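Visitor: Can you keep this structure in mind? I'll have questions shortly.
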Amino acid sequence: MNSIRLSSLSAPVSGVFRLVSLLCLALRLLALPVGEGRVRFEVSDTGPGIDAADLARIFQPFTQLPNGGAPAEGGTGLGLAIAQRLVALLGGRLEVASAVGQGSRFWFELELAGAGVPVRDAEPACRKVGYDGPRRRVLAVDDVEANRRLFTDLLAPLGFEVVEAGSAAETMARLGSFRPDLVLLDLRLPDSDGFALARRLRADPRLEGVKILAASASVFNQDPAAALAAGCDGFIAKPFLPEEFFSRIGELLALTWRETAETPSTTAEPLDPALLGALRTAAAAGDIMAVREAFGRLRERHPQSAALAPFAHAIENFDTDGLVRLAGPAAGPSPKS
């Protein structure tokens, strides 16, 4: 249960660091001398910082701060309140220090038995590497670029053709030349709510038979029912686990997944060693933004490679150690000279 709570902390705290488009983000796990097994989890950035007058209220529910005069990003303003409560349940206290123009630092300390011994998560019994049948097309609609990129990172390595749209207007423009099999629809968009867009898509005769999977991080319980009433075929709550996501897509598109419990075959086309090296360097440094950029270049170079599936799985789970192992010398043979 504690591992679930710790995993749940990543989304609320990461939301604070999405207030700017370019920053340096550092994650640290420190062993402390006070008490055996006492560790500090710390996240810091070089973003715009938080005004001292706002520090006292950022942990209050439904509080959202503007980004240097620009509107706050989408969300409910509950993330840090939830994170603070989770840390308290684990016996710690979520702290913050920030300076305007210099950045912010969040941290908490916990007593964890056996914290000095690294523990690896169990590998899944099987891993999806593709699906049977013709290539399926997906339109990912979300106003947050990182969310759209996540959809692409999960689906493209499995053989899906993914096109992205950041608004209702962009969605309709994309549909002029791209007919998807599935629309992944965020219910919060800058120019229209997702329910209205779902009804519009359902009324379009060109999209007959197209499935719509609604996605939302909303705390309101009526969202799933409202999404179905608006014409969506399913609903998934954010954040979601990859297997839950694949399960919903498989049901909607009646897919037969191809899975393997083994590492990708070394007889397949080897992954570009230079791009693997860039990915390994980014993962070793813990630079998640650089990791995603490097993986994007790998995906462009090897769009149909099943060998990318374990990389996507590791990125989704922020498993930088796993990425280093995957991108190391054993990740694949070097191309012949």
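The values are calculated or read from the model by the stated rules, or taken from the named source; none is laboratory data. Quick caveat: nothing in here was measured; it's all calculated off a predicted structure. Note that each Cβ is placed from the backbone with ideal geometry, even for glycine, and that neighbours are counted across all protein chains shown.
Visitor: Looking only at residues that are part of a loop (DSSP other than H, G, I, E, B) and touching a strand residue (DSSP E or B) at 6+ places or on another chain (Cβ under 6 Å) in the range 152-194, which one is farthest from GLY130 (Cα to Cα)?
Guide: Going through the range 152-194, the residues part of a loop (DSSP other than H, G, I, E, B) turn out to be 159-160, 166-167, 175-181, 187, 189-192.
Pick out the ones that are also touching a strand residue (DSSP E or B) at 6+ places or on another chain (Cβ under 6 Å) and you get 159-160, 178, 180-181, 187.
Details: GLY159: 6, PHE160: 9, PHE178: 22, PRO180: 18, ASP181: 16, LEU187: 28 Å.
Here the residue is LEU187.
Visitor: Ok, one more. Out of all the residues in the range 281-312, which are crowded, with 21+ Cβ neighbours inside 10 Å and not small (Gly, Ala, Ser)?
Guide: Those that are crowded, with 21+ Cβ neighbours inside 10 Å and not small (Gly, Ala, Ser): VAL291, PHE295, LEU298, LEU308, PRO310, PHE311.
Visitor: Is it fair to say VAL162 is touching a residue at least 12 places away in the same chain (Cβ under 8 Å), under 15 Å from ILE236 (Cα atoms) and either surrounded by 19 or more Cβ atoms within 10 Å (Cβ to Cβ) or not assigned by TED's automatic domain parsing to the domain that holds GLY250 (or both)? Steps first, please.
Guide: Values: touching a residue at least 12 places away in the same chain (Cβ under 8 Å): yes; under 15 Å from ILE236 (Cα atoms): no; either surrounded by 19 or more Cβ atoms within 10 Å (Cβ to Cβ) or not assigned by TED's automatic domain parsing to the domain that holds GLY250 (or both): yes.
Here the answer is no, as VAL162 does not meet what is asked.
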